[in-house]
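*Asks:* Take a look at the following structure, please.
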Amino acid sequence: MEIRNIGVVGGGQMGSGIAQVSLMSGFQVLLNDVSDEILRKSRTAIEKGLDTLVRKEKITAGDKERMAGRLRMTTNLSDFSACEFVVEAATEREELKLSLFRKLDEIVPAEKVLSTNTSSLSITRIASATSRPGRVIGMHFMNPVPLMRLVEIIKGLQTSPGTFDLTMDLARRLGKEPVPANDYPGFIANRVLMPMINEAVYALMEGVGKAEDIDAIMRMGANHPMGPLALADLIGLDTCLEVMKVMQEGFGDPKYRPCPLLRKYVEAGFLGKKTGRGFYTYEKG
Ligand code: NAD
């Protein structure tokens, strides 16, 4: 199945990154979000990402213009009828994703694949909201998308071998290294990563150390490129909380209980880098 047009739902940090790498790999991209204002910010983020590559002489100014010229944006999901592959990267909330997949199923031709960039939610359940569960799959990009090589490819219970092969192949065409995982809460990446981040928040809450010291210990002691609290701020504390809740509910095991301090920060709107405040403070924009 030839893929030239990719539809991306959600123009936040992940959706913008996925759109950017798709443009860089020669695809036409249609990006959807709920408002023109958000989409304008998405375009700015994508162009900023491409400008950085021009500055580093990885692409030319002409390349950048061609890439940016292949980006179209819409607040109307009905425009996805011409998309040949969809990556959904909207906010990590199950009800939202189920409703988006019900709509996409009606709009996008039945033989096309609908993928989700969910960090933790059941691919099998999302697929069941559609009439094409064989053509629904998890395509879990890492943040920041233009820099990270891995894409975790998650097979739902009903995902067909053809859908799996097509998605693995597409990930390679996007310059990524796809690695398969089966459909259990948090898959592999977040099953291992999020309990560590959550534990770091407990260590902060209990006063075991200051945020800077917890991060320094994990950077230098475990050779991680960034500490768990700085990473949580990059991911978004709302996303971290949702992933912990999904694992807690999905496994029914109290070891996944989200740290109360993580909940409190999310309640306060301290979502990390994207809101300018999380465990650290950031300049907005
Ligand atoms: P984000 O908050 O930066 O962006 C989410 C975007 O979805 C927002 O722009 C929001 O307006 C949009 N949105 C909400 N409702 C929508 C709707 N009905 N239609 C279209 N767009 C809608 O979040 P993010 O970090 O980009 O995360 C997006 C997805 O990617 C989530 O499922 C998350 O779990 C997953 N993910 C995140 C990371 C990470 O490190 N942040 C990594 C891998 C996967």
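*Asks:* Conditions first: (1) of a type outside the set (S, T, N, Q); (2) outside any loop (DSSP other than H, G, I, E, B); (3) within 20 Å of I38 (Cβ to Cβ). D213 passes all but one, so which condition is the exception?
*Replies:* Condition not satisfied by D213: (3).
*Asks:* Out of all the residues in the range 154-176, is one or more within 13 Å of the ligand (Cβ to nearest atom) and among the hydrophobic types (A, V, I, L, M, F, W, C)?
*Replies:* yes
*Asks:* Additional query: Given the condition within 14 Å of the ligand (Cβ to nearest atom), free of Cβ contacts under 8 Å to residues at least 40 places away in the same chain, of a type outside the set (S, T, N, Q) and surrounded by fewer than 22 Cβ atoms within 10 Å (Cβ to Cβ), answer yes or no: does some residue in the range 46-66 qualify?
*Replies:* Checked the range 46-66: no residue is within 14 Å of the ligand (Cβ to nearest atom), free of Cβ contacts under 8 Å to residues at least 40 places away in the same chain, of a type outside the set (S, T, N, Q) and surrounded by fewer than 22 Cβ atoms within 10 Å (Cβ to Cβ).
*Asks:* Another question, if that's okay. Which condition from (1) surrounded by fewer than 22 Cβ atoms within 10 Å (Cβ to Cβ); (2) more than 23 Å from G236 (Cα to Cα); (3) in contact (Cβ under 8 Å) with a residue 24 or more places away in the chain is the one that L98 breaks?
*Replies:* (2)
*Asks:* Also, I was wondering about something else. Between G15, G10, G49, which is closer than 21 Å to K273 by Cα and in contact with a Pro (Cβ under 6 Å, 6 or more places away or on another chain)?
*Replies:* None of the others qualify; the one that does is G49.
*Asks:* Taking the range 131-151 as the region of interest, how many residues are within 20 Å of I18 (Cβ to Cβ) and either surrounded by fewer than 20 Cβ atoms within 10 Å (Cβ to Cβ) or of a type in the set (A, V, I, L, M) (or both)? Walk me through it before giving the result.
*Replies:* So in the range 131-151, the residues within 20 Å of I18 (Cβ to Cβ) come out as 135-151.
Still in the list and also either surrounded by fewer than 20 Cβ atoms within 10 Å (Cβ to Cβ) or of a type in the set (A, V, I, L, M) (or both): 136-137, 139, 142-151.
The total comes to 13.
*Asks:* Additional query: Have a look at R125, R102 and point out the one that is outside any strand (DSSP E or B), out of contact with any helix residue (DSSP H, G or I) (no Cβ under 9 Å at 6 or more places or on another chain), in the same structural domain as D79 (by TED's automatic domain parsing) and not acidic (D, E).
*Replies:* R102 is the lone residue from the list that is outside any strand (DSSP E or B), out of contact with any helix residue (DSSP H, G or I) (no Cβ under 9 Å at 6 or more places or on another chain), in the same structural domain as D79 (by TED's automatic domain parsing) and not acidic (D, E).
*Asks:* Test S120 against the stated conditions and say whether it is near the ligand (Cβ under 10 Å from one of its atoms) and touching a Gly at 6+ places or on another chain (Cβ under 7 Å).
*Replies:* yes
*Asks:* Checking the conditions here, which among K48, K58 is more than 20 Å from E92 (Cβ to Cβ) and part of a helix (DSSP H, G or I)?
*Replies:* Step by step, each of K48, K58 is checked, and only K48 is more than 20 Å from E92 (Cβ to Cβ) and part of a helix (DSSP H, G or I).
*Asks:* Also, I was wondering about something else. Tally the residues that are of a type in the set (A, V, I, L, M) and surrounded by fewer than 14 Cβ atoms within 10 Å (Cβ to Cβ), restricting the search to the range 152-195.
*Replies:* 2
*Asks:* Which residue pairs have Cβ atoms under 6 Å apart, sit 6 or more places apart or on different chains, and have a first residue in the range 117-128 that is more than 14 Å from V246 (Cα to Cα) and a second that is within 14 Å of the ligand (Cβ to nearest atom) and part of a helix (DSSP H, G or I)?
*Replies:* Partner pairs satisfying both residue conditions: N117/M14.
*Asks:* A further question follows. Those residues that are more than 10 Å from the ligand (Cβ to nearest atom), assigned to a loop (DSSP other than H, G, I, E, B) and surrounded by 17 or more Cβ atoms within 10 Å (Cβ to Cβ), I need them from the range 74-95; list them, please.
*Replies:* Listed by number, the residues that qualify are C83, E84.
The values are calculated or read from the model by the stated rules, or taken from the named source; none is laboratory data. The structure presented is a predicted model; accordingly, all values stated were derived computationally and were not measured. When we count neighbours, we look across all protein chains shown, and the Cβ atoms used for this are built from the backbone with ideal geometry, even at glycine.
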